[in-house]
1. Would a scan of the stretch 155-173 turn up a residue that is surrounded by fewer than 13 Cβ atoms within 10 Å (Cβ to Cβ), part of a strand (DSSP E or B) and either out of contact with any strand residue (DSSP E or B) (no Cβ under 6 Å at 6 or more places or on another chain) or not aliphatic (A, V, I, L, M) (or both)?
2. Against the conditions (1) without any contact (Cβ under 8 Å) to a residue 12 or more places away in the chain; (2) closer than 23 Å to residue 127 by Cα; (3) not assigned by TED's automatic domain parsing to the domain that holds residue 131, where does residue 92 fall short? Just the number, please.
3. Anything in the stretch 197-206 that is buried (at least 17 other Cβ atoms within 10 Å of the Cβ) and either over 10 Å from residue 152 (Cα atoms) or under 17 Å from the mean Cα position of the chain (by Cα) (or both)? List them, or say none.
4. Enumerate the pairs (first residue in the stretch 243-262 and on the phi > 0 side of the Ramachandran plot; second residue anywhere and of a type outside the set (A, V, I, L, M) and surrounded by 13 or more Cβ atoms within 10 Å (Cβ to Cβ)) with beta-carbon separation below 7 Å, excluding pairs fewer than 6 apart on the same chain, so at least 6 apart or on different chains.
5. Within the stretch 79-97, how many residues are more than 27 Å from residue 37 (Cβ to Cβ), assigned to a strand (DSSP E or B) and hydrophobic (A, V, I, L, M, F, W, C)?
6. Being of a type in the set (Val, Ile, Thr), at negative phi, free of Cβ contacts under 8 Å to residues at least 24 places away in the same chain and not in a strand (DSSP E or B), is that true of even one residue in the stretch 19-28?
7. For residue 6, only one of the following conditions fails: (1) under 36 Å from the mean Cα position of the chain (by Cα); (2) surrounded by 12 or more Cβ atoms within 10 Å (Cβ to Cβ). What is its number?
8. Could you figure out which of (1) surrounded by 18 or more Cβ atoms within 10 Å (Cβ to Cβ); (2) free of Cβ contacts under 8 Å to residues at least 24 places away in the same chain isn't true of residue 222?
Amino acid sequence: MTLSTHLTLGAINTLRVDRDTKPGIFLMAEDEQDVLLPGQYITKEMLQDTLVDVFLYTDSEDRLVATTLNPTAMLNEFALFEVVDVAPFGAFMDWGLSKDLLVPNMFQKTPFEVGEKRFIKVIYDERTHRLVGSEKLGNFFEQKVKGLKPMQEVKILVIAKTPLGYKCIVEEKYEGLIYHNEIFENINLGDEKNAYIKTIRKDGNIDLSLRKTSNKKDSTSADKIFHLLRDNGGIMPYNYKSDAELIKSVFSLSKKEFKRSLTTLVDAGKIEVKDIGIYIKG
């Protein structure tokens, strides 16, 4: 470990044990700035002049304080936080420390409710000189997409549900969206998935699909239906007229894709489609 040059709020600091006091031990940086590590975090290994890794934040009285606990996210990082309390001026998030992280109203997109989970970025508030949370991640995303192209497979992190669909972080630096009418599987905030680029828009936002699209005929959906049929004894009570939501629930396909796949299987001579269901031929 290397001694930190100075105390840095919102980050892990490597500090030297300087002196023992009643409330705890004081840790010192190379420039001789010091900070208290409260007694509940002290271990027997923390002897005079040993180095200790600690996270620095401010306590309820806005004093700089150290902890050996690791927060959910540090300064300029983002993560999924749970709302533990709300107040007229903001919401409090559990971030693994004794003092909850405040998300002021001005940094919320919509009102928070206890028990909700939201993706939050930890930022430094110039007005209060505190670490706070912000749901507004706009400045986090890079606006010019480089090295990506349509049809390319990418890694995404689902961060928010919107009226249009699910907002995602693409390759850890771009903003993407999966539209609701193109989702045929369960999605939750915090999910990490592989997706495919449909379109890269001029504003730098990326339209995504959870399924690989191609100009060529893709038999993946037809194969899925056939395998499900086989696993269910060669017959299932669905056809071209089946309800779209039922198809989505059973096959994880849109009705359009389901009907197209049925036709593919019929043309291949693998199935029959009747009023009472789908049958494997032979």
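1. Checking the stretch 155-173: not a single residue is surrounded by fewer than 13 Cβ atoms within 10 Å (Cβ to Cβ), part of a strand (DSSP E or B) and either out of contact with any strand residue (DSSP E or B) (no Cβ under 6 Å at 6 or more places or on another chain) or not aliphatic (A, V, I, L, M) (or both).
2. (3)
3. 200, 205, 206
4. Short answer, once both residue conditions are applied: 252/184.
5. Residues flagged as more than 27 Å from residue 37 (Cβ to Cβ), assigned to a strand (DSSP E or B) and hydrophobic (A, V, I, L, M, F, W, C) within the stretch 79-97 amount to 5.
6. yes
7. Status for residue 6: all satisfied but (2).
8. In the conditions (1) surrounded by 18 or more Cβ atoms within 10 Å (Cβ to Cβ); (2) free of Cβ contacts under 8 Å to residues at least 24 places away in the same chain, residue 222 misses (2) alone.
The values are calculated or read from the model by the stated rules, or taken from the named source; none is laboratory data. None of these values were measured; they are calculated from a predicted model. Ideal geometry is used to build each Cβ from the backbone, glycine not excepted, and the neighbour counts take in all protein chains shown.
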